[in-house]
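Everything on this sheet refers to the single structure shown next.
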Amino acid sequence: MQNNCQLIGVDDAFPLRITSESMRSPEYFRKEVDLCFVKNWILVGRVEEIPEAGSYITKDLPFGHASILIVNTKNGIKGFRNICRHRGNKIACAAAGQARAFTCTFHGWTYDCDGKLRGVPDEEAFLDLDKARLGLIPVHIDTWNGFIFVHLGNEIPAPLKEYLGDLYGFFNGFDFDKLNVTWSFKTEVEANWKICFDGFLEQYHFAFSHRTTVANTFLAPDNRFGRLGWHQWWDPHCVCSITGNPSPRRPPIGKVLGGPNVAGSLPPEPFVISKNMNPTQDDNWELDSVMLFPNFLIQAHPKSYNVWWFWPVSATKSVFEYRRYERAARNAGERFAQEYYLSLVRDTFLQDLFAFEHVQQSISSGAIDEFPLSLSEARVAYLHHQVNKRLAREHDPVIEGEGDVCSS
């Protein structure tokens, strides 16, 4: 097992510390939202959610007071601002659905799936109405491994492929399309979005916060404090390969679920992972964890994957969203194993959310200006560094300072 943080591919040094100002200041938050979210590619969903022409999903983005409509059309996937051009009502209120056209429930204006304005009740009462200029407002949209991204800016500084950089091919070959959502969770948290994200970028807290849940799965006898191993830094994203405990103390139910009877007599279904995953070929490999800037996390396992969003709402509030992707259970044993995993994840989240809100309360007091980080928390430092870099371009003095650094 590799216990040392290998700083491979870091493009520049970054401080092993974070400031409290960045997690409580409304002014900092306003600039952060504009520079890291509104002017950035944002992951919003998967293509399986819109499987055929006319399928659509909507996504409310709390950071920009924006609602987005994503439609599978005969001409491909398209994205629009979910705003009627007449008086600003949402034209699609459901989270998902199937439609041949979208009619505003306020005054009945109708748009087709390509965003063109097709119908205006009592059109003759409008003077010089040019329907050709009043279609839905488009947003930039692209996909990667079946994940759908949008960009709210009028212009994009770089195509999605260029933005993802070396991360673009990391998951090549992974069977994302064979897995579906089996559990999801979403809640508001009284904590800054980075406080929540930080909690999933390190395992230093496992021995303490999660000693009754997942600590025994990941903390080996020679790695009691959750030091992370192999990293790859792909500005502004990063990947970390995580190993597990080779000799966990399983409870009785865990022994049953991990034994030969969990799937009855059914043979395992074939599944392909990327050849890039488990880069150290460690026998105790558990997953690869990808921090996709600014607010998305993928944890890819041998036959499943988990995703998180950390949506900013205000300087001290965020929305925490999670989805679990795996194959549908084929029998009672597999279903029971999934439910057991769900209960374990649920309890782990409750432990995390409890801590996040306490952290925010303390940070908001202003009693401490900055916090030191260890090499085990390098990804935490890296996330804050990426945000700070973007604000630094605006010559914001709030992010200046010195501290220990990680460097290549």
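The values are calculated or read from the model by the stated rules, or taken from the named source; none is laboratory data. Everything quoted here is computed from the prediction, not taken from an experiment. Methodologically, a virtual Cβ is constructed for each residue, glycine included, from the backbone with ideal geometry; neighbour enumeration extends over all protein chains shown.
Of all residues in segment 70-107, exactly one satisfies the criterion of being small (Gly, Ala, Ser), in contact with a strand residue (DSSP E or B) (Cβ under 9 Å, 6 or more places away or on another chain) and more than 24 Å from Phe147 (Cβ to Cβ), namely Ala101. Pairs linking a residue in segment 157-169 that is touching a residue at least 12 places away in the same chain (Cβ under 8 Å) to a residue that is surrounded by 13 or more Cβ atoms within 10 Å (Cβ to Cβ) and part of a helix (DSSP H, G or I), with Cβ atoms under 7 Å and 6 or more positions apart or on different chains, are Lys161/Tyr168.
Can you pull out the residues in segment 225-242 that are hydrophobic (A, V, I, L, M, F, W, C) and touching a Leu at 6+ places or on another chain (Cβ under 8 Å)? Give the steps one after another, and end with the answer.
Here is the first cut: in segment 225-242, the ones hydrophobic (A, V, I, L, M, F, W, C) are 225, 228, 230, 233-234, 238-240, 242.
Passing the criteria: Phe225, Trp233, Trp234, Val239, Cys240, Ile242.
Residues of segment 86-107 that are surrounded by 13 or more Cβ atoms within 10 Å (Cβ to Cβ) and either touching a His at 6+ places or on another chain (Cβ under 9 Å) or basic (Lys, Arg) (or both): His86, Asn89, Lys90, Cys104, Phe106, His107.
Conditions (1) out of contact with any Leu (no Cβ under 8 Å at 6 or more places or on another chain); (2) in a helix (DSSP H, G or I); (3) within 24 Å of Phe208 (Cα to Cα), marked per residue:
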position: Ala328; (1), (2), (3): yes, no, no
position: Gln338; (1), (2), (3): yes, yes, no
position: Leu342; (1), (2), (3): yes, yes, yes
position: Arg346; (1), (2), (3): yes, yes, yes
position: Phe354; (1), (2), (3): yes, yes, yes
position: Ser362; (1), (2), (3): yes, yes, yes
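What are the pairs, 6+ residues apart or on separate chains, where a residue within segment 355-384 that is under 27 Å from Trp234 (Cβ atoms) has its Cβ under 8 Å from a residue that is assigned to a strand (DSSP E or B) and among the charged types (D, E, K, R)? Qualifying pairs under 8 Å: Glu370/Arg17; Phe371/Arg17; Pro372/Arg17; Leu373/Arg17; Ala381/Arg17. Total residues in segment 89-137 satisfying the condition of being in a loop (DSSP other than H, G, I, E, B), under 25 Å from Ile50 (Cα atoms) and not hydrophobic (A, V, I, L, M, F, W, C): the figure is 9.
For segment 166-184, a tally of residues being farther than 21 Å from Trp308 by Cβ and touching a strand residue (DSSP E or B) at 6+ places or on another chain (Cβ under 7 Å) returns 1.
Consider Ile368 against the criteria (1) surrounded by fewer than 16 Cβ atoms within 10 Å (Cβ to Cβ); (2) outside any loop (DSSP other than H, G, I, E, B): it satisfies all of them except one. Which criterion is unmet? Failed condition: (2). Is there a residue in segment 53-71 that is touching a helix residue (DSSP H, G or I) at 6+ places or on another chain (Cβ under 7 Å) and either of a type outside the set (Val, Ile, Thr) or surrounded by fewer than 17 Cβ atoms within 10 Å (Cβ to Cβ) (or both)? Scanning segment 53-71 turns up at least one residue that is touching a helix residue (DSSP H, G or I) at 6+ places or on another chain (Cβ under 7 Å) and either of a type outside the set (Val, Ile, Thr) or surrounded by fewer than 17 Cβ atoms within 10 Å (Cβ to Cβ) (or both). Annotation note: Cβ proximity below 8 Å between a residue of segment 60-76 that is free of Cβ contacts under 8 Å to residues at least 60 places away in the same chain and among the aliphatic types (A, V, I, L, M) and a residue that is assigned to a strand (DSSP E or B) and surrounded by fewer than 20 Cβ atoms within 10 Å (Cβ to Cβ) (sequence gap 6+ or interchain) occurs for Val71/Ile77; Val71/Lys78. Identify the residue in segment 210-258 that is touching a Ser or Thr at 6+ places or on another chain (Cβ under 8 Å) and of a type in the set (Gly, Ala, Ser) and, among all such residues, is modelled with the highest pLDDT. Out of the qualifying residues, it is Ser241. Scanning segment 138-157 for residues that are part of a loop (DSSP other than H, G, I, E, B), surrounded by 12 or more Cβ atoms within 10 Å (Cβ to Cβ) and out of contact with any helix residue (DSSP H, G or I) (no Cβ under 7 Å at 6 or more places or on another chain) yields a single hit, Ile156.
I'm checking my understanding of the structure. Among residues of segment 108-124 that are under 24 Å from Asn72 (Cβ atoms) and among the small types (Gly, Ala, Ser), which one is surrounded by the fewest Cβ atoms within 10 Å (Cβ to Cβ)? Only one residue fits best here, namely Gly119.
When you scan segment 308-322, do you find a residue that is closer than 27 Å to Ile148 by Cβ, modelled with pLDDT of 95 or more, assigned to a strand (DSSP E or B) and more than 16 Å from the chain's Cα centre (by Cα), even just one? Steps first, please.
Within segment 308-322, the first condition is being closer than 27 Å to Ile148 by Cβ, and the residues that meet it are 308-314, 317-322.
Next, from what is left, pick out any that are modelled with pLDDT of 95 or more: 308-314, 317-322.
Remaining after also requiring assigned to a strand (DSSP E or B): 308-314, 317-322.
Of the ones still in play, those that are also more than 16 Å from the chain's Cα centre (by Cα) are 314, 317.
Yes, the conditions are met somewhere in segment 308-322.
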